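Below is one structure, written out as structure tokens; the observations come after it.
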Amino acid sequence: KVTSIQQMAFYQDTTLISVTLPANISNIERLAFGSCPNLNTIYWNAKNVTNYTSGNYHPFYNCMAIRNVIFGDSVRIPDHAFENTYINSVIIANTTTYIGNYAFANSSSIMAITLPEGIEHIGHHAFENTGLSSLRIPGYVTTIDSCAFYECGKLVTVAIDNATCSIGEAAFMGCSSLKSIDLGNSITAINKSAFALCTALEAIVIPN
């Protein structure tokens, strides 16, 4: 029956190793789990968190040991969910359709991610400055928002399945290692600066 976790509820809990968030949680406030030095794994089943503090005081701020995040079925990943963290393993269920703005921004230890087949929306700056080396975007995507993969300097290959969507402004700007892009056959627009400063890019095929 718990729907809300208030600010600093588990702040600096030194014994906490894992957290399981149940489906009914809709509100997680600032520093709710902040500075828990041994917190390693989060099982996120909260389907629709609508109140989630952004910036340097988000609920898991300064949890230096977090490495694993497992999202359950039909979860809406909120804005700033794991911005500026040290996670390196992210598992997202295939029923997830929404990844919020700045969700994993500046989490440079994320080296790989499998986007769920049902994903529809990738928010702006969602994966900015992460360590991704390759990326496949499934065909149900309708939105690749601005700066979604901005300055992913280790990203080498991108494949967009036949998704009917536009590529947002500066979506891949500054991906300096990007060599190969497969845009599929259904892209409707490539917006301003989408692939600017992709200095390693040698060839691109614009679909019909």
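The values are calculated or read from the model by the stated rules, or taken from the named source; none is laboratory data. Small disclaimer: the values here were computed from a predicted structure and weren't measured. Positions of Cβ are generated from backbone atoms using ideal geometry, with glycine treated the same way; all protein chains shown enter the neighbour counts. Only protein heavy atoms, including side chains, enter the accessible area calculation; ligands, DNA and RNA are left aside. Shrake-Rupley method; radii C 1.70, N 1.55, O 1.52, S 1.80 Å.
Quick test for you: out of Ala189, Ala194, Ala171, pick the one residue that is closer than 14 Å to Val141 by Cβ, surrounded by 18 or more Cβ atoms within 10 Å (Cβ to Cβ) and aliphatic (A, V, I, L, M).
On the way: Ala189 fails: surrounded by 18 or more Cβ atoms within 10 Å (Cβ to Cβ); Ala194 fails: closer than 14 Å to Val141 by Cβ.
Matching residue, one of Ala189, Ala194, Ala171: Ala171.
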Those residues of the stretch 77-117 which are surrounded by 17 or more Cβ atoms within 10 Å (Cβ to Cβ) and outside any loop (DSSP other than H, G, I, E, B) amount to Ile77, Val90, Ile92, Tyr98, Ile99
Q: Could you check, for the stretch 42-52, whether at least one of its residues is surrounded by fewer than 21 Cβ atoms within 10 Å (Cβ to Cβ), out of contact with any Lys or Arg (no Cβ under 6 Å at 6 or more places or on another chain) and farther than 18 Å from Phe104 by Cα?
A: no
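Does the stretch 14-26 hold any residues that are open to solvent by less than 20 Å² (accessible area, probe 1.4 Å) and part of a strand (DSSP E or B), and which are they?
The initial filter retains those residues of the stretch 14-26 that are open to solvent by less than 20 Å² (accessible area, probe 1.4 Å), namely 19, 21, 25.
Residues satisfying the conditions are Val19, Leu21.
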Right, Tyr57: closer than 24 Å to Leu16 by Cβ, at pLDDT 95 or above and more than 11 Å from the chain's Cα centre (by Cα) or not? no
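Does Gly139 qualify as being closer than 25 Å to Tyr86 by Cβ and either of a type in the set (Ser, Thr, Tyr) or in contact (Cβ under 8 Å) with a residue 12 or more places away in the chain (or both)?
Judged against the criteria, Gly139 is not a match.
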Condition set β-branched (Val, Ile, Thr) and under 14 Å from Asn68 (Cα atoms), scope the stretch 83-113, selection modelled with the lowest pLDDT: answer is Thr85
Of the residues in the stretch 118-150, those that are hydroxyl-bearing (Ser, Thr, Tyr), over 15 Å from Asn88 (Cα atoms) and assigned to a loop (DSSP other than H, G, I, E, B) number 4
The residue that is farthest from Thr20 (Cα to Cα), considering only those in the stretch 63-76 that are in contact with a Ser or Thr (Cβ under 9 Å, 6 or more places away or on another chain) and surrounded by fewer than 18 Cβ atoms within 10 Å (Cβ to Cβ), is Met64
Those residues of the stretch 151-208 which are among the charged types (D, E, K, R) and either under 22 Å from Ser107 (Cα atoms) or not in a loop (DSSP other than H, G, I, E, B) (or both) amount to Glu151, Lys154, Glu169, Asp182
